[in-house]
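Asks: Before anything else, here's the structure in question.
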């Protein structure tokens, strides 16, 4: 089929528009990638500062990825250390898939002995008002401090456990309690592997000239 001059002009115009759009997208990505990465790093640091005790290292750089389930992505663990470089707390994120309005993402920090230092919810879609108990700095979150698998009944009081439920809302706290308990159970299973590998990694770094 013969293409006339008008059709050629249309083809060329479309090609030019496509090239220009591609260049604009590429340029936008170049200029926004670094600020976005910095904002994400700062948000992570802010969340870690809420759950970690005083430390003498950079937890964002002091990490280890371990695959818990072969069919899932590795879990990233963040370490906070004392002045003598010993580990005082390990933080990682767990997800409660059964919140009232979807998944609830929780950052939890645990001492090597298996006791919780603190937890904070980093993202959720729970109904305002009913789900306020899991919001930043709410006293209900403090009820997890110092809890371990051995010193608490891991359920809301309505189910015979130690944790309060919210007025008019049981699904949300039930989901959080269940997820945090699973996080502790997972930590118990991999603790020796996690701490051993991290110690080996630290020793290797110190041995480097």
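The values are calculated or read from the model by the stated rules, or taken from the named source; none is laboratory data. Quantities reported herein were computed from a predicted structural model and do not represent experimental measurements. Here the Cβ positions follow ideal geometry from the backbone for every residue, glycine too, while neighbour counts run over all protein chains shown.
Asks: Quickly run through the range 155-179 and pick out the residues that are closer than 21 Å to residue 110 by Cα and buried (at least 21 other Cβ atoms within 10 Å of the Cβ).
Replies: 156, 163, 173, 174, 175, 176, 177, 179
Asks: Still on this model: Would it be correct to say that residue 97 is closer than 30 Å to residue 57 by Cα and surrounded by fewer than 21 Cβ atoms within 10 Å (Cβ to Cβ)? Steps first, answer last, please.
Replies: Numbers: closer than 30 Å to residue 57 by Cα: no; surrounded by fewer than 21 Cβ atoms within 10 Å (Cβ to Cβ): yes.
No; evaluated as a whole, the condition is false for this residue.
Asks: Can you tell me which residue among 141, 149 is exposed (fewer than 15 other Cβ atoms within 10 Å of the Cβ), touching a helix residue (DSSP H, G or I) at 6+ places or on another chain (Cβ under 8 Å) and at pLDDT 90 or above?
Replies: Working: 141 fails: exposed (fewer than 15 other Cβ atoms within 10 Å of the Cβ).
On inspection, the qualifying residue turns out to be 149.
Let's see how each residue does on (1) closer than 22 Å to residue 92 by Cβ; (2) in contact (Cβ under 8 Å) with a residue 40 or more places away in the chain; (3) in a helix (DSSP H, G or I); (4) over 18 Å from the mean Cα position of the chain (by Cα):
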position: 141; (1), (2), (3), (4): yes, no, yes, no
position: 144; (1), (2), (3), (4): yes, no, no, no
position: 158; (1), (2), (3), (4): no, no, yes, yes
position: 161; (1), (2), (3), (4): no, no, no, yes
position: 180; (1), (2), (3), (4): yes, yes, yes, no
position: 185; (1), (2), (3), (4): yes, no, yes, no
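Asks: While we're on this one: Can you tell me how many residues in the range 67-112 are in a strand (DSSP E or B), more than 19 Å from residue 181 (Cα to Cα) and touching a residue at least 60 places away in the same chain (Cβ under 8 Å)?
Replies: 2
Asks: Let me ask something else. Which numbered condition trips up residue 176, out of (1) assigned to a strand (DSSP E or B); (2) in contact (Cβ under 8 Å) with a residue 24 or more places away in the chain?
Replies: (1)
Asks: Checking the condition surrounded by 13 or more Cβ atoms within 10 Å (Cβ to Cβ), modelled with pLDDT under 90, under 27 Å from residue 49 (Cβ atoms) and within 19 Å of the chain's Cα centre (by Cα), which residue from 119, 134, 190 passes?
Replies: 134
Asks: Determine, yes or no, whether residue 168 is more than 21 Å from residue 51 (Cα to Cα) and modelled with pLDDT of 90 or more.
Replies: Answer is no for this residue.
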